[in-house]
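Throughout, read-outs are computed from the coordinates displayed, never taken from laboratory work. If you're wondering where the values come from, they're calculated on a predicted model, not measured in any experiment. Every residue, glycine among them, receives a Cβ derived from its backbone with ideal geometry; neighbour counts consider all protein chains shown.
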């Protein structure tokens with residue numbers, strides 16, 4: 001009988017499933033879409049004790065081959081992994097946890113790692129049917145290039161050893177920040193959603209360069225390097241952002257004319273509204 005959720009249907013594909021050794025893998029990923037795949041790639045720079053699963057078994061097989069790990073079905077991943085990454089959308093979490101519930105009951109010391117926006121630790125536990133150890137994370141896509149931001153919080157039964165091991169294995173993903181769970185939705189609306197806002201700004205900056213005569217490749221390269229340098233200045237500088245803006249805006253110069261246009265368009269207000277809208281959606285996802 002085919003599994004409703006699809007993560008156990010690997011046998012339908014014309015791929016050879018490697019035999020799974022009777023050991024505990026450090027990380028098991030159930031779902032290797034954009035974020036799950038990015039995290040798996042980052043984790044593979046610390047350990048090859050990784051096993052993958054996805055409803056698209058061919059995708060899991062290709063990624064496993066690329067990063068040098070193994071792939072299997074959802075129940076095998078659950079049974080054999082120390083940290084089990086639940087890489088599915090919030091709306092699909094209950095179905096996934098129902099599928100692996102019986103296997104989880106035999107692996108009570110497993111640590112569930114959820115990256116589902118809006119779903120609290122308590123909600124994950126209810127769906128899983130037990131007071132499992134849970135690490136809730138909110139990563140952004142830059143983890144794939146080792147420059148990500150990962151917010152994390154844990155259930156009370158996750159030990160310092162568990163946390164330390166997790167942080168060490170994920171160190172190549174970027175920066176990890178511990179945060180109170182009630183602030184996760186707010187934090188995610190900045191760091192998790194923020195890259196898309198930055199990408200739109202960079203695209204606008206590059207398009208502006210094209211409109212005044214630059215070729216598209218040069219304009220984009222200049223925009224990327226400008227954002228990279230500005231971020232580094234913010235990271236290393238001791239000045240307030242207002243003072244840093246003033247340093248670039250010489251009176252009567254060209255920069256201040258551009259900043260006036262940004263102010264007239266309400267750029268900062270629009271960004272604040274974007275963060276607020278993302279936060280509200282995070283809350284809604286947790287209530288649905």
How many percent of DSSP beta bridges within the chain run antiparallel, rounded to 5? 15 percent
Largest-first semi-axes in Å of the equivalent ellipsoid built from the Cα gyration tensor of the chain are 40, 21, 17
Give me Rg over Rh for the stretch 194-287, both radii from the alpha carbons and Rh done the Kirkwood way, two decimal places. 1.03
Expressed as a rounded percentage, what relative contact order does the stretch 146-202 have, with Cα pairs under 8 Å and six or more residues apart? 48 percent
Taking 30 Å as R0, compute the FRET efficiency from the Cβ-Cβ separation of residue 147 and residue 259 and round it to 0.05. 0.65
Which order do the peptides 164-171, 193-200 take when ranked by the mean count of other beta-carbon atoms within 10 Å per residue, highest first? 164-171, 193-200
In terms of the ratio Rg/(2.2 N^0.38 Å) built on C-alpha atoms, what value belongs to the stretch 10-180? 0.94
Just want to confirm a number: the relative contact order over the chain, from Cα pairs under 8 angstrom separated by 6+ residues, in percent. 15 percent
As a check on your grasp of the helix formula, calculate [θ] at 222 nm for the chain: sum -39500 (n - 2.57) over DSSP H runs of n ≥ 4, divide by the residue count, round to the nearest 500. -15500 deg cm²/dmol
The stretch 112-215 - share of DSSP beta bridges that are antiparallel (%, nearest 5): 40 percent
Using the per-residue mean of other Cβ atoms lying within 10 Å as a proxy for protection, in what order, highest first, do the peptides 145-152, 54-61, 122-129 fall? 54-61, 145-152, 122-129
With the Cα gyration tensor of the stretch 108-199 giving a ≥ b ≥ c as the square roots of its eigenvalues, does the rule (a/c under 1.5 for rounded; else a/b larger than b/c for prolate; else oblate) give rounded, prolate or oblate? oblate
Over the stretch 10-180, what is the percentage of antiparallel beta bridges among all DSSP beta bridges, to the nearest 5? 15 percent
If the chain between residue 190 and residue 233 were fully extended at 0.36 nm per residue, the gain over the current Cα-Cα distance would be 13.5 nm
What residue among 100, 256, 30 has the largest mean-square fluctuation in a Gaussian network model of the chain, using Cα springs under 10 Å? 256
How high is the relative contact order of the stretch 106-154? Use alpha-carbon pairs under 8 Å, at least six apart in sequence, and give a whole percent. 35 percent
Please compute the length gained on full extension between residue 91 and residue 199, using 0.36 nm multiplied by the number of residues separating them and subtracting their Cα-Cα distance. 36.2 nm
Sites residue 246 and residue 280 - FRET efficiency at Förster radius 25 Å, r taken between beta-carbons, to 0.05: 0.15
